[in-house]
Amino acid sequence: MRRSIAAQLITSLLITWAMVTPASSFAATEKSTAVIKVEHVGGFVGPNFKSARLPDVVLYSDGRILTPRNLSDSVRQMFQGSVSKPLLQSEITAFLKAMKTPIGGWGLPGVADVPSTRVSLMQNGKERIVEVYALGFALNSSLKDASVARKKLSLAIEHLIALGGKKSIYSPTKYEVWPQGNISNGTATGILWPNDIAPPTTNCVGVTAQPFQALLRNAGSKPWILPNGDIINLTWRPVLPGEIACKR
């Protein structure tokens with residue numbers, strides 16, 4: 001009888017614990033959707049950089065915020081943070097105001113080959129996109145309305161990036177693997193590509209992250225040695241929630 005009562009008590013405690021213990025705020029991240037995304041598009045940059053380019057910041061429907069950690073290393077990474085639901089709604093409101101096109105447009109700074117800043121906002125199933133050329137560059141002093149609007153949008157972006165913080169690293173479930181340069185065959189010190197996984201040759205491929213986690217810790221800028229002996233440089237870009245590898 002005592003054992004029965006004890007068993008019931010333990011079961012009750014476990015059920016209560018399961019009900020009151022909060023689940024990880026990122027438990028359903030792969031099902032979350034991008035609410036606000038800020039990214040650079042176009043510009044005079046090399047194809048290697050453009051292919052594996054990451055957004056400046058992404059705010060998701062579950063409150064997750066992702067911002068780039070490093071862009072120069074062959075293994076790209078993202079910082080991971082989060083905000084509460086009220087703050088998420090506050091950011092949506094702030095961006096809706098900051099994305100309002102000023103009378104006369106956003107203006108064109110007198111610079112060439114500079115990327116544009118694209119801001120996408122999803123609300124109630126509808127997407128709003130604003131694209132501003134050379135956002136960080138000054139305009140002619142006569143374009144006061146455009147200058148004020150540009151500053152407002154820049155501050156909104158900076159604020160969202162700051163909310164993400166720089167403490168945790170996002171652990172992707174998949175990577176895009178981008179070959180960089182020509183494949184060579186010879187002798188080099190590099191990282192051995194697993195024999196049981198199809199390697200990239202000339203195009204981007206998507207791979208599951210788990211088999212490569214240990215290898216990527218020490219990858220740096222080292223080349224990779226393919227099963228057939230070919231040597232190739234690779235760029236690894238995390239596949240973010242909502243993305244399809246190599247089909248962005």
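The values are calculated or read from the model by the stated rules, or taken from the named source; none is laboratory data. Since the structure is predicted, the reported quantities are computational estimates derived from the model, not experimental observations. With ideal geometry, Cβ positions are generated from the backbone for all residues, glycine too; neighbour counts draw on all protein chains shown.
Of note:
- Summed over segment 87-100, residues that are of a type in the set (Ser, Thr, Tyr) and surrounded by 12 or more Cβ atoms within 10 Å (Cβ to Cβ) total 1.
- Annotation for segment 121-135: no member residue is in contact with a His (Cβ under 7 Å, 6 or more places away or on another chain) and in a loop (DSSP other than H, G, I, E, B).
- Residue pairs whose Cβ atoms lie under 6 Å apart, separated by 6 or more positions or on different chains, with the first residue in segment 233-248 and on the phi > 0 side of the Ramachandran plot and the second of a type outside the set (S, T, N, Q), are Gly242/Ala34; Cys246/Glu176; Cys246/Cys204; Cys246/Gly206.
- Just one residue in the set Gly136, Gly181, Gly190, Gly164 is on the phi < 0 side of the Ramachandran plot and outside the structural domain of Val38 (by TED's automatic domain parsing); that residue is Gly190.
- Checked against the criterion of being in contact with a helix residue (DSSP H, G or I) (Cβ under 8 Å, 6 or more places away or on another chain) and closer than 24 Å to Pro241 by Cβ, segment 134-156 contains one or more residues that satisfy it.
- Considering residues of segment 169-183 that are more than 17 Å from Gly206 (Cα to Cα) and surrounded by fewer than 14 Cβ atoms within 10 Å (Cβ to Cβ) only, the residue farthest from the chain's Cα centre (by Cα): Asn182
- Subset tally (residues that are part of a strand (DSSP E or B) and touching a residue at least 60 places away in the same chain (Cβ under 8 Å)) for segment 69-89: 7
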